[in-house]
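Participant: Here it is, the structure in full.
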Amino acid sequence: MKPATPMVDPAGEYRALKDEIDAAVGRVLASGRYVLGPEGEALERELAAYTGAPHAVGVNSGTDALHLALVAAGIGAGDEVIVPSFTFFATAEAVSYTGATPVFADVDAGTFNLDPASFHNCITSRTKAVIAVHLFGQCAALDELSKICREKDLLLVEDCAQALGADYDGRRAGSWGDFGCFSFYPTKNLGAAGDAGLITTHNP
């Protein structure tokens, strides 16, 4: 029997880049600046440029990225936020953290991403936002979702936890919505040695 190929292999990824990673960690440790240092600022600048979003802010995790984006937009008790029915629990959890109510819309059977028609049918007078989750490196139907959000004056939040580097119609994930929320959990496309996240936005 052939040995299993792991879905993710953080230790293997580390071994492949060991010298570079060790040198970078050594520089940070020697600097004494472990929080809000130049490496974090460089990451923010580089990911803003990479995604095409004007601004990027590093945060603790992907969940915190979603939560803080909603809070920054004024989402709270009495509001509804539409989320796909097939997603990691943190998507709906972040909505609940604000006091708002997550409303589950169906996903497209071919992509497993949010179905625009179902999203449209879930909109009520209390709806303030939608979180479009890009699963398996494939963006949701951002053209259709953006159009509905413009027509209904809704906030579009992209959950890009599995989509760093993905693009849709020539634009990168994280540059379409009012906010793009990224996770750097070790098993994600770009994993940290621990947990981390990032928000991209067009709103300073």
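Every number here is computed from the coordinates shown, using simple stated rules; none is lab data. Please read all numbers here as calculations on a predicted model, not as lab measurements. Here Cβ is always computed from backbone atoms with ideal geometry, including for glycine, and neighbour counts include all displayed protein chains.
Participant: Within 10 Å of each residue's Cβ, count the other Cβ atoms and sort LEU156, LEU145, LEU66, LEU29 from fewest upward. Please report the intermediate quantities before stating the final value.
Facilitator: Numbers: LEU156 20, LEU145 25, LEU66 33, LEU29 10.
In increasing order of surrounding Cβ atoms, one gets LEU29, LEU156, LEU145, LEU66.
Participant: Among DSSP bridges having both ends in the chain, what percentage is antiparallel? Round to the nearest 5. Present the calculation step by step, with values, prior to reporting the outcome.
Facilitator: Values: 13 of 29 bridges.
Taking every DSSP beta bridge within the chain, about 45 percent pair in antiparallel fashion.
Participant: At what distance in angstrom do the alpha carbon centres of the stretch 22-79 and the stretch 124-168 lie from each other?
Facilitator: Each part reduced to its Cα centre gives a spacing of 20 Å.
Participant: I've got another one for you. Taking a virtual spin label 7 Å from the Cα of GLU39 along the C-beta vector, which residues in the stretch 185-199 bring their backbone nitrogen under 12 Å of it?
Facilitator: Within reach of a label on GLU39, which here means backbone N under 12 Å from a point 7 Å along Cα→Cβ, the stretch 185-199 contributes 192-194.
Participant: Let me ask something else. Would you mind computing, in nm to one decimal, how far apart the modelled labels at GLU93 and THR187 are, each placed 7 Å from Cα along Cα→Cβ?
Facilitator: Result: 1.3 nm between the two label points.
Participant: What percent antiparallel are the DSSP beta bridges of the stretch 95-181, to the nearest 5?
Facilitator: On the way: 3 of 11 bridges.
Just about 25 percent of them are antiparallel.
Participant: Based on alpha-carbon atoms only, what is the radius of gyration of the stretch 42-201 relative to the globular estimate 2.2 N^0.38 Å? List each step's numbers first, then the result.
Facilitator: On the way: Rg = 14.1 Å, N = 160, 2.2 N^0.38 = 15.1 Å.
Against the empirical 2.2 N^0.38 Å value, I get 0.93 for the stretch 42-201.
Participant: Under the rule of at least 5 residues apart or a separate chain, name every residue whose amide H is placed under 5 Å from the amide H of ALA105.
Facilitator: Amide H neighbours of ALA105: VAL83, SER85.
Participant: If you average 1/r over all unlike Cα pairs in the stretch 132-185 and invert the result, what Kirkwood radius do you get in angstrom? Could the numbers behind the result be given before it?
Facilitator: Numbers: mean 1/r = 0.0913 Å⁻¹.
About 11.0 Å for the stretch 132-185.
Participant: Hey, what number do you get for the chain at 222 nm if only DSSP H runs of n ≥ 4 count, each worth -39500 (n - 2.57), divided across all residues, to the nearest 500? Could you put the intermediate results ahead of the total?
Facilitator: On the way: 7 runs with 72 residues, N = 204.
Value at 222 nm, helices only: -10500 deg cm²/dmol.
Participant: On a full-extension model of 0.36 nm per residue, what is the gain between SER118 and MET7, subtracting their alpha-carbon distance, rounded to one decimal in nm? Present the calculation step by step, with values, prior to reporting the outcome.
Facilitator: On the way: separation 111, 0.36 × 111 = 39.96 nm, distance 3.16 nm.
Stretched out fully, the SER118 to MET7 stretch lengthens by 36.8 nm.
Participant: Under a crude label model (7 Å from the Cα following the beta-carbon direction), how far is SER85 from ALA166 in nanometres?
Facilitator: 2.0
Participant: Using only the Cα atoms of the stretch 15-110, what semi-axes does the equivalent ellipsoid have when each is the square root of 5 times a gyration tensor eigenvalue? Give whole Å, largest first. Intermediate results must be reported in sequence, preceding the final value.
Facilitator: Values: eigenvalues 233, 59, 35 Å².
Taking √(5λ) for each Cα gyration eigenvalue gives 34, 17, 13 Å.
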